[in-house]
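Have a look at the structure below, then the notes.
The values are calculated or read from the model by the stated rules, or taken from the named source; none is laboratory data. Since the structure is predicted, the reported quantities are computational estimates derived from the model, not experimental observations. With ideal geometry, Cβ positions are generated from the backbone for all residues, glycine too; neighbour counts draw on all protein chains shown. What goes into the accessible areas is simple: the full protein's heavy atoms, side chains included, and nothing from ligands, DNA or RNA. Shrake-Rupley method; radii C 1.70, N 1.55, O 1.52, S 1.80 Å.
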Amino acid sequence: MDATLDIDQRVDDLLSRMEVKDKAGLLFQPMAQIGGIDEPGPFGKPPMRTLLDRRINHYNILFVPSAREIAQWHNAIQLRALQHPLGIPVTISSDPRHSFTNNPAMALLAGPFSQWPEPLGFAAVGSEELVEQFADVTRREYLAVGIRTALHPQVDLATEPRWARTAGTFGADAGLVARLGVAYVRGLQGDQVGTHSVSAMAKHFPGGGPQRDGEDPHFPYGREQVYPGGQFDLHLEPFRAVIAAGVSQIMPYYGIPVGTAYEEVGFSFNKGIVTGLLREQLGFDGIVCTDWGIISHTYWGVEHLSHEERMVKALDAGIDQFGGEDDADTLLALVTNGTVSEKRIDISVRRLLREKFRLGLFEAPFVDVGKAETLVGGPEARAAGVAAQAAAHTLLKNAEDGPGSLPLRGSPRLYIEGLAAEEIGDRAQVVATPDQADVAVLRLVAPWEQRGEAGTYETFFHAGSLAFPAAEVARIQAICRTTPTVVDIYLERPAILADIAEAAASLIANFGASPEAFVKVLFGEAAPQGRLPFDIPPSMAAVEASHSDVPFDTADPTFRFGFGLRYA
């Protein structure tokens, strides 16, 4: 508890006082529900009292109410944890929660936090300064409520257009992803991890982009990562950059590398990947935390192993912590019966304790509830978020003249879809049908195929075909024939746009934008500054013919990476 001592001395001292049960608990980071200590956890997880009794002191929070309630819950959990004689404080983590994605396995709606574009939007703008500004806002808002580990940035390369996690990336260009990833880490951590930092966990090592057929390895049909273009090393470039920048933690992905020199097991079970490549070749000595649920749900390539054997194999591979898991009792038994050595556990415990000390949690475990309420989602941060959303808009086509030319001028009669009349305000007159309008404005979302059974989290993943249904294309074309039409599309994935682009008077893309931000761009109160962070493929046949690990590999794209018009 002596903050004047060297951190390594403090770690040694604490380690010498810990029972094996204390050590085992450190190696788990389950999901937690904000609420009462005896309320059931999310997705059937145990209540907080049970988890704390297992000496678990890392938690990933999902759905949140207000900033005040997060801060109050955080303080209550810290107080409970500190009642243990060793007084080891809790570390709270979070997936991204400052944008528009709403998927409990990927990222969550901003809620009380300021709202910004998806990472693809930052890639469209291409500014390291803007990314660092955003990450710094994230850092300050996280600190205010007690979140000390960011389960991001996602520095995968978006080389497979169908992949459901494309929106969370910085696009397809390795150099751009590396630059923006470094800026993101710098904004969260500063020059080094300290008392005012949020620890960054870069993911998904060694690059989660090259999924077979674009399917996601949260599910067994998406468990294979393939490299038909021989570009395995290209996907490492962003990780090399963030490691050099001092990223504190790294998360391997679920997938199995197919057709490489590595064992065909999930990356967190893969000693050649975690120890050989990440630790020894790339020199990373920070925390390696598995993706969520690899022992209990997504144990690809080791399905034949028992629960205990999977845990042993992951530890042997070199991981330090099990994300989304809470079975500390099994690990305790494995150490007690000699299957796993206490010396091996101590290696990971040292890393995890060191991080808590570096973050200053032992000195300042609590947060100021009143400050959290005023700082989180404050007006300055919200305004900056809207400005970034607007800037990330990417103009793909603009009518040379006429009512459909952007920005809109005068007080036109508008037919609108995807917008409410009150969001237009007094800028224009909203009419009921296209034939009554001077201009039609359609806000669309990139298409996807519905997956999974109702009530399962598989339904949150937008995967499959990138092509709009033929009937929807015909409907849009009919509106375009009736009146000059402005089409705005949310490109969470690179949709097939050729037919819509040909029919529309003007076409603009966004990467997560509120109606407020879009309307500003529509009427010239803000200007689109984006450039495409990936290619727009011409057809699904072209997508299917491309190599999933190679960027810009789709033949004859409708729009190329880096394309973006400007207002005159």
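Criterion applied to ASP316, ASP213 was being of a type in the set (D, E, K, R), under 27 Å from GLY175 (Cα atoms) and modelled with pLDDT of 95 or more, and the one residue passing it is ASP213. Being of a type in the set (A, V, I, L, M, F, W, C) and in contact (Cβ under 8 Å) with a residue 60 or more places away in the chain holds for only one residue in ALA495, ALA421, ALA501, and it is ALA501.
When ARG97, ARG80 are checked against the criterion of being assigned to a helix (DSSP H, G or I), modelled with pLDDT of 90 or more, among the basic types (Lys, Arg) and farther than 22 Å from MET311 by Cα, ARG80 stands alone in meeting it. If you go through the stretch 113-138 and keep only what is in contact with a Leu (Cβ under 6 Å, 6 or more places away or on another chain) and either under 21 Å from PRO379 (Cβ atoms) or surrounded by fewer than 24 Cβ atoms within 10 Å (Cβ to Cβ) (or both), you end up with just ALA135. Condition check: at pLDDT below 95, touching a strand residue (DSSP E or B) at 6+ places or on another chain (Cβ under 8 Å) and of a type in the set (Ser, Thr, Tyr). Does TYR415 satisfy that? Answer is no for this residue.
Sub-9 Å Cβ pairs linking a first residue in the stretch 3-19 that is without any contact (Cβ under 8 Å) to a residue 24 or more places away in the chain to a second residue that is assigned to a helix (DSSP H, G or I) and basic (Lys, Arg), at least 6 apart or interchain, are ASP12/ARG350, ordered by first then second residue. Only one of the numbered conditions (1) of a type outside the set (S, T, N, Q); (2) open to solvent by 10 Å² or more (accessible area, probe 1.4 Å); (3) out of contact with any Asp or Glu (no Cβ under 8 Å at 6 or more places or on another chain); (4) closer than 30 Å to GLU19 by Cβ is not met by PRO89, and that is (2).
You will find that of ARG80, ARG97, ARG68, ARG55, the residue that is buried (at least 18 other Cβ atoms within 10 Å of the Cβ) and touching a helix residue (DSSP H, G or I) at 6+ places or on another chain (Cβ under 7 Å) is ARG55 and no other. In the stretch 145-162 there is no residue matching the filter, namely being polar (S, T, N, Q), over 30 Å from ASP553 (Cβ atoms) and modelled with pLDDT under 95. Evaluation of ASP213 against the conditions (1) over 19 Å from VAL288 (Cβ atoms); (2) open to solvent by less than 10 Å² (accessible area, probe 1.4 Å) shows that the sole unmet condition is (2). Let me confirm something: among LEU414, LEU406, LEU444, which residue is assigned to a strand (DSSP E or B), over 28 Å from ASN103 (Cα atoms) and of a type outside the set (Val, Ile, Thr)? Only one candidate passes the filter, namely LEU414.
All of (1) surrounded by fewer than 23 Cβ atoms within 10 Å (Cβ to Cβ); (2) closer than 26 Å to GLU141 by Cα hold for PRO46 with one exception: (2). Within the stretch 316-336, not a single residue is open to solvent by 10 Å² or more (accessible area, probe 1.4 Å), β-branched (Val, Ile, Thr) and in a loop (DSSP other than H, G, I, E, B). The listed residues are GLU400, GLU453, GLU423, GLU492, and the only one of them that is open to solvent by 20 Å² or more (accessible area, probe 1.4 Å) and not in a loop (DSSP other than H, G, I, E, B) turns out to be GLU423.
The sole residue among THR394, THR374, THR433 that is within 25 Å of SER99 (Cβ to Cβ) and either exposed (fewer than 15 other Cβ atoms within 10 Å of the Cβ) or modelled with pLDDT under 95 (or both) is THR374. Residues of the stretch 1-19 that are charged (D, E, K, R) and either open to solvent by 70 Å² or more (accessible area, probe 1.4 Å) or more than 21 Å from ASP346 (Cα to Cα) (or both): ASP2, ASP6, ASP8, ASP12, ARG17, GLU19. When GLU141, GLU160 are checked against the criterion of being open to solvent by less than 10 Å² (accessible area, probe 1.4 Å), over 21 Å from ILE250 (Cα atoms), in contact (Cβ under 8 Å) with a residue 12 or more places away in the chain and not in a loop (DSSP other than H, G, I, E, B), GLU141 stands alone in meeting it. Within the stretch 498-540, the residues that satisfy the criterion of being part of a loop (DSSP other than H, G, I, E, B), closer than 21 Å to PHE170 by Cβ and either open to solvent by less than 10 Å² (accessible area, probe 1.4 Å) or hydrophobic (A, V, I, L, M, F, W, C) (or both) are PHE511, GLY512, ALA513, PRO528, GLY530, LEU532, PRO533, PHE534, PRO537. Scanning the stretch 163-207 for residues that are assigned to a helix (DSSP H, G or I), in contact (Cβ under 8 Å) with a residue 60 or more places away in the chain and in contact with a strand residue (DSSP E or B) (Cβ under 6 Å, 6 or more places away or on another chain) returns GLY168, VAL185.
Do the conditions hold for ALA474, that is, is it part of a loop (DSSP other than H, G, I, E, B), open to solvent by 10 Å² or more (accessible area, probe 1.4 Å) and of a type in the set (Gly, Ala, Ser)? Spelling it out, it is not the case that ALA474 is part of a loop (DSSP other than H, G, I, E, B), open to solvent by 10 Å² or more (accessible area, probe 1.4 Å) and of a type in the set (Gly, Ala, Ser).
Under 12 Å from GLY208 (Cβ atoms), buried (at least 20 other Cβ atoms within 10 Å of the Cβ), of a type in the set (Ser, Thr, Tyr) and at pLDDT 95 or above: does that describe TYR253? Yes; evaluated as a whole, the condition is true for this residue. Only residues that are without any contact (Cβ under 8 Å) to a residue 40 or more places away in the chain and open to solvent by 50 Å² or more (accessible area, probe 1.4 Å) were counted in the stretch 20-42, giving 4.
Under the condition of being in contact with a strand residue (DSSP E or B) (Cβ under 8 Å, 6 or more places away or on another chain), open to solvent by less than 10 Å² (accessible area, probe 1.4 Å), not basic (Lys, Arg) and not in a loop (DSSP other than H, G, I, E, B), the residues counted in the stretch 337-363 number 2. Here is the figure for the stretch 189-206: residues that are open to solvent by 10 Å² or more (accessible area, probe 1.4 Å), in contact with a Leu (Cβ under 8 Å, 6 or more places away or on another chain) and among the small types (Gly, Ala, Ser) total 1.
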